[in-house]
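Student: There's a structure below that I have some questions on.
A short reminder: the numbers here are calculations on the coordinates, not readings from a lab. Values in this document were obtained by computation on a predicted structure and should not be read as measured data. Every residue, glycine as well, gets a Cβ built from its backbone with ideal geometry; the counts of neighbours run over all protein chains shown.
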Amino acid sequence: MMSQPKLTVFGGVLTVLLSGFVVPSHAADQPDCRAAAEPGINWENCDRKLLMLKASDLSGANLFDTNLTSTDLRESNLVEANFEKATLFRASLAGSSAAGARFDRVEAYRADFSEIDAIGATFGNAEMQRVRFHNAKLANTDFTKADLGRAQFDGADISGSRFALANLARADFRGTTFDAALDFDRAFVFLARFEGVDLSAATGLTQLQLDIACGDDSTSLPAGLTRPSGWPCNFEQE
């Protein structure tokens with residue numbers, strides 16, 4: 001005969017003991033893929049693609065491995081949210097607040113991060129080819145080992161950001177602003193566009209990197225490095 005459930009309180013947490021098995025009462029910690037957007041929601045590993053979630057409050061949300069393909073998250077509160085390993089193909093986070101958010105290992109091909117406030121966010125090992133960061137706030141943001149091929153940073157504030165070991169092939173940094181050193185240690189900058197950019201305070205840049213990048217007479221370089229003879233690059237023949 002099955003034993004009757006016994007209710008027990010430990011430190012204010014209600015548990016149910018049935019045949020020696022303890023079932024926590026905090027079911028809210030489990031993913032709820034049908035729940036509406038709200039602060040701290042757990043959508044881990046959920047399919048939330050093609051949704052209209054503009055101006056949502058997902059601050060502190062767990063979006064680990066969540067499929068957000070083509071989802072509209074414009075002007076949302078994403079502060080401290082965890083997007084690690086999320087799929088953001090063609091998603092829009094434009095105009096959102098995402099300070100301190102984690103975007104490590106996301107897949108975000110052609111996503112729109114224009115005018116996002118992602119100060120202090122992390123994008124380590126992220127796959128972000130052709131992503132738009134137009135006029136974004138990216139101070140002290142970590143892009144270590146991220147794939148940012150053809151990403152557009154025009155008008156973005158990238159003060160103190162880290163691009164070490166990142167793929168920046170054909171990324172566009174024209175019009176960026178920064179008042180703290182950038183880290184380009186071992187970044188791949190093939191045809192990355194630095195026309196008019198002041199790189200004098202950048203760290204990690206080598207002559208070999210500059211030789212395959214693109215700049216012009218208004219590009220300022222760190223001490224000891226020289227302007228390549230191939231600058232400016234000729235893009236008309238591509």
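Student: Would you mind classifying the range 154-219 by shape? Square roots of the alpha carbon gyration tensor eigenvalues, ordered a ≥ b ≥ c; an a/c under 1.5 is rounded, otherwise it is prolate if a/b is larger than b/c and oblate if not.
Tutor: rounded
Student: Can I ask one more? Assuming 1.306 mPa s and 10 °C, estimate D for the range 94-180 with Stokes-Einstein, Rh taken as the Kirkwood radius over Cα pairs, in µm²/s.
Tutor: 132
Student: Hey, another quick one. Can you give me the long-range amide H partners of Asp198? Hydrogens built in the peptide plane at 1.01 Å from N, cutoff under 5 Å, separation of 5 or more residues or another chain.
Tutor: Excluding prolines and chain starts, which carry no amide H, the hits are Ser220.
Student: How would you rank 30-38, 207-215, highest first, on the average number of other Cβ atoms within 10 Å across their residues?
Tutor: Ranking, from highest mean packing down: 207-215, 30-38.
Student: Once every DSSP H run of n ≥ 4 in the chain is given -39500 (n - 2.57) and the sum is divided by its residues, what mean residue ellipticity at 222 nm do you get, rounded to the nearest 500 deg cm²/dmol?
Tutor: Calculated from helices alone, the mean residue ellipticity at 222 nm is -500 deg cm²/dmol.
Student: Collect residues whose amide H, placed 1.01 Å from N in the peptide plane, falls under 5 Å from the amide H of Asn42; neighbours closer than 5 in sequence don't count.
Tutor: Here the answer is Asp32, Asn62, since their amide H atoms fall under 5 Å of that of Asn42.
Student: Right, another one. Work through the residues other than Asp179 whose Cβ is under 12 Å from its Cβ and net out their charges, Lys, Arg +1 and Asp, Glu -1.
Tutor: -2
Student: Let me ask something additional. Kirkwood Rh over alpha-carbon pairs of the chain, then Stokes-Einstein at 4 °C and 1.567 mPa s: what D in µm² s⁻¹, rounded to an integer?
Tutor: For these conditions, the coefficient is 67 µm²/s.
Student: Rank by packing, highest mean first: peptides 145-152, 178-185, 221-228, with packing defined as the count of other Cβ atoms within 10 Å averaged across residues.
Tutor: So the order, starting with the most tightly packed, is 145-152, 178-185, 221-228.
Student: Looking at the chain, send over the antiparallel percent of its DSSP beta bridges, to the nearest 5.
Tutor: Percentage antiparallel, nearest 5: 25.
Student: Enumerate lysine pairs in the chain that are 8 or more residues apart or on different chains, then count those whose Cα atoms are under 29 Å apart.
Tutor: Summing the qualifying lysine pairs gives 8.
Student: Related question: How would you order 40-47, 188-195 from highest to lowest mean count of nearby Cβ atoms within 10 Å?
Tutor: The most tightly packed comes first, giving 188-195, 40-47.
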